[in-house]
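Take this structure, written in structure tokens, and hold onto it; I'll ask about it next.
The values are calculated or read from the model by the stated rules, or taken from the named source; none is laboratory data. Keep in mind that what you see is a predicted model, and the values were worked out from it rather than measured. Reconstructed Cβ throughout: ideal geometry from the backbone, glycine too, with neighbour counts over all protein chains shown.
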Amino acid sequence: MRFWCGLALLAAVGVVQAADGEYLLNAAGCVTCHTAESGPPLAGGRAFTTPYGTFFSPNITPDRDTGIGTWSRTQFIAALKHGTAPDGAAYYPVFPYASYRRMSDQDAAAIYTYLQSTEPRRRPNLEHDLPWWLGRWMMKPWQWWMLDPIEPTPGTNDPTIERGRYLVDALGHCGECHTPRDWAGVMLRQSHYLAGSKQGPDGEAVPNITTDRSNGIGKWDADDLQYFLETGALPNGDYAGGLMTDVIDNSTSKLTAADRKAMAAYLKSVPAVATP
């Protein structure tokens, strides 16, 4: 009897982790990046045009030949948080592990559990279209040289703002698009955090989302931000375009109202920085 009760408990825990994992997967924007236009969900193939070439997202369904069906939980966390492939190679930083490394191991594991419960999709990964000199072998030295230890954050006594910080910085990885980079592709977090970028992952300019009143969201109130994250509607009546449309459809609109409120509260606390 105890044996069967134990199995039932383990099964129930797995269901809860998968449910939590689906929510976290949405918060982390995985569907947007890993689904090609008109392609099967999470099977990869979406192109991202960058100053360094065109990258194609991989298949993260549990297909054993073309996806992550043979990966262990430990291997998945190493990839997600540290940019290390199961074979030990380093991923290009177009995969936002520079932000995901701020994610808790528990949340990363829940995403893994959910992904392993999704439908396997057989879809071979596409080769990146990169200049000849930009080889994968360069990424280990890049990680060692360019990725500093995660800087301590001042923190607040406001749990809503701290939840928003986690959603924006770790799960939502908003800085990956909204923070400009130096010549080596490293985000300028210290000087231009969320100040916008002239060229985002789709080749278009990305707006300033600091509280700068001239170029950022300083004139927006928290309700404006929450409504934008839910619907994509701007305060002037226009709507978000480009990649942000997919981010809202596949990610922020699927969050709870409390989490969108937390993101808005955190963004309203970010100091104003002029667009570079």
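Mind counting the residues in segment 19-51 that are polar (S, T, N, Q) and more than 14 Å from the chain's Cα centre (by Cα)? Walk me through how you get there before you give the answer.
Keep residues of segment 19-51 that are polar (S, T, N, Q), which gives 26, 32, 35, 38, 49-50.
Of the ones still in play, those that are also more than 14 Å from the chain's Cα centre (by Cα) are 38, 49-50.
Of the residues in segment 19-51, 3 are polar (S, T, N, Q) and more than 14 Å from the chain's Cα centre (by Cα).
Does residue 156 satisfy the condition of being under 24 Å from residue 84 (Cβ atoms) and of a type in the set (S, T, N, Q)?
No.
Can you name the number of the only condition in (1) crowded, with 18+ Cβ neighbours inside 10 Å; (2) of a type outside the set (S, T, N, Q); (3) farther than 29 Å from residue 45 by Cβ; (4) over 13 Å from the mean Cα position of the chain (by Cα) that residue 139 fails?
(3)
Separate question: Considering each of 233, 262 in turn, give the residue that is over 18 Å from the mean Cα position of the chain (by Cα), of a type in the set (Gly, Ala, Ser) and surrounded by 14 or more Cβ atoms within 10 Å (Cβ to Cβ).
233
Check every one of the helices (runs of 4 or more DSSP H) wholly within segment 177-276 and list those with 2 or more residues that are farther than 24 Å from residue 36 by Cβ.
189-192, 222-231, 257-267
Output yes when any residue across segment 147-159 is surrounded by 14 or more Cβ atoms within 10 Å (Cβ to Cβ), under 21 Å from the mean Cα position of the chain (by Cα) and either assigned to a helix (DSSP H, G or I) or not hydrophobic (A, V, I, L, M, F, W, C) (or both), and no when none is.
no
Residue 43 is checked against (1) in contact with a Lys or Arg (Cβ under 9 Å, 6 or more places away or on another chain); (2) modelled with pLDDT under 95 and fails just one. What number does that condition carry?
(2)
Could you list all residues from segment 102-129 that are part of a loop (DSSP other than H, G, I, E, B) and either within 19 Å of residue 22 (Cα to Cα) or of a type in the set (Asp, Glu) (or both)? Steps first, please.
Of segment 102-129, the ones part of a loop (DSSP other than H, G, I, E, B) are 102-104, 116-128.
Once the filter is applied, which keeps residues that are part of a loop (DSSP other than H, G, I, E, B) and either within 19 Å of residue 22 (Cα to Cα) or of a type in the set (Asp, Glu) (or both), segment 102-129 yields 102, 103, 104, 116, 117, 118, 119, 120, 121, 127.
Among the listed residues 195, 184, 257, identify the single one that is within 19 Å of the chain's Cα centre (by Cα) and small (Gly, Ala, Ser).
Criteria check complete, one pass: 195.
For segment 53-94, what are the residues that are surrounded by fewer than 17 Cβ atoms within 10 Å (Cβ to Cβ) and within 14 Å of the chain's Cα centre (by Cα)?
82
So how many residues does segment 164-216 have that are crowded, with 22+ Cβ neighbours inside 10 Å and among the basic types (Lys, Arg)?
1
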